[in-house]
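Since the structure comes first, as C-alpha cells, the remarks are kept for the end.
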Amino acid sequence: CRPFFFSRNAQLFLAEQDYDLFHCNGLWMGINHETWSIARRRNLPYVISPHGMLYPSALRVHAWKKMMLRTLWYNRDILQATCLHVTCRQELEHCRNFGYRGPIAVIPNPVTIPQAAEWKEEAAGENDCRRIGFLGRLHPIKKVEHLLYALALLTDEERKKIQLQIMGSGDSRYTHFLKTEAMRLCIEKEVEFVGFVEGEEKFRMLSALSALMVPSEQENFGMIVPEALVCGTPVYAS
C-alpha cells in the first residue's frame, strides 16, 4: 500500500465492521488515513503507534512528500488521535514536539526470550574468526555502510579474523549500494549478505555472533538489541 493509494474495498470493509476502537501501526499509508477518517466519521476512538516515524531524522526522509501528506491529511489525522502509543520516553518527546497534545501511552515492545544458552556455547568454539553482525531492515537510515568503512580500515591480516554478516532485506537500491561499496573497498570476501532471517534461525545466527552492531541514526525501540542480549551477544549501538 502506498501513500496515495486508496482501496474502495478497504473503505467498504472498514465501514461495515462493528468496531469500538481503531488502531494503526505506522504512518504515511493510504489505509492509515482511511481508517482514521472512518473512525472520526463514526465518532469512534483511534490509536496510532508511530513506531519512530515522528522522529526528526525519520521526518527528513522524503521530507517534501511527507510535508504534502501532512498538509492534505496527516496533521489532522495525528493531532486528533485519541491516543498515541510509543515504545520509549524519547519517542514521547518527539511526538510532543510534533504538536500532539493528547494522551500518550509509553509501552515497550514485548521481547521473545529463546532457549539460547546452549547455542552460544556451541558457537563459541567453532573457530577463532570473529563474526560481527547487523540485523534489520536495509534502509539508508540504518547507516550499514559505516560497518563496511570500519572494516576497510583494518589491515589485511586483521580482516582475515573478521566476518561481517549483514542480515536483513529492504530497500533494493540501498542493498545494491552496500554490495557495490563492499566490492569497491575490496572487502567482499569478508562481507556476507545473508538476507532475511526469522524465528529460530534468527536467534541461532545472533548467538553465533561475537557482537551485534547497530549503527543507525535513530531507533525508537530497537527490537534486535534485547533479542541479541538475551542470546548472550554484546551489542554496540550508536
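The simple Förster model, with R0 at 22 Å and r as the Cβ-Cβ distance, assigns Lys179 and Tyr149 a FRET efficiency of 0.90.
If packing is taken as the average count of other Cβ atoms within 10 Å, what order do 92-103, 48-59 fall into, highest mean first? Intermediate results must be reported in sequence, preceding the final value.
Numbers: 92-103: 14.6, 48-59: 19.7.
By packing density, highest mean first, the sequence is 48-59, 92-103.
A straight chain from Met223 to Lys161 at 0.36 nm per residue would run longer than the Cα-Cα distance by 19.5 nm.
Just round it to a whole percent: the fraction of Cα-Cα distances in segment 144-238 exceeding 20 Å.
On the way: 1749 of 4465 pairs.
Within segment 144-238, distances greater than 20 Å cover 39 percent of Cα pairs.
If R0 equals 25 Å, the separation of the Cβ atoms of Glu198 and Ile107 corresponds to a calculated FRET efficiency of about 0.60. With contributions of -39500 (n - 2.57) from each DSSP H run of at least four residues, the per-residue ellipticity at 222 nm computed over the chain stands at -11000 deg cm²/dmol. For the listed residue pairs Lys66/Lys142; Lys65/Lys143; Lys66/Lys179, the alpha carbons are over 25 angstrom apart in Lys66/Lys179.
Quarter the surface of the alpha carbon convex hull of segment 146-185 and you get the mean projected area, 3.0 square nanometres.
Using the alpha carbons alone, the radius of gyration of segment 1-108 stands to its Kirkwood radius in an Rg to Rh ratio of 0.95.
Round to the nearest 0.05 the FRET efficiency obtained for Tyr236 and Met67 when R0 = 35 Å and r is the Cβ-Cβ distance.
Values: r = 34 Å, r/R0 = 0.98.
So, using R0 = 35 Å, E works out to roughly 0.50.
Using the per-residue mean of other Cβ atoms lying within 10 Å as a proxy for protection, in what order, highest first, do the peptides 212-222, 8-18 fall?
Details: 212-222: 19.3, 8-18: 10.7.
In descending order of packing, they fall as 212-222, 8-18.
Put a dot 7 Å past the Cα of Asp128, heading toward its Cβ, do the same for Lys189, and the two dots end up 1.7 nm apart. Extending 7 Å from the Cα toward the beta-carbon at both Ser57 and Phe13 defines two label points whose distance is 3.4 nm. Computed from these coordinates, which is P(r) over Cα pairs in 10 Å bins from 0, in percent: (1) 7, 26, 28, 22, 13, 4, 0; (2) 7, 27, 36, 24, 6, 1; (3) 7, 29, 31, 19, 11, 3, 0? Given (1) 7, 26, 28, 22, 13, 4, 0; (2) 7, 27, 36, 24, 6, 1; (3) 7, 29, 31, 19, 11, 3, 0, the structure-derived one carries the label (1). Each of Thr82 and His139 was given a label point 7 Å from its Cα along the Cα-to-Cβ line. The distance between the two points is 2.7 nm.
We did not get these values from a lab; they are worked out from the coordinates using the rules stated. Values in this document were obtained by computation on a predicted structure and should not be read as measured data. Note that each Cβ is placed from the backbone with ideal geometry, even for glycine, and that neighbours are counted across all protein chains shown.
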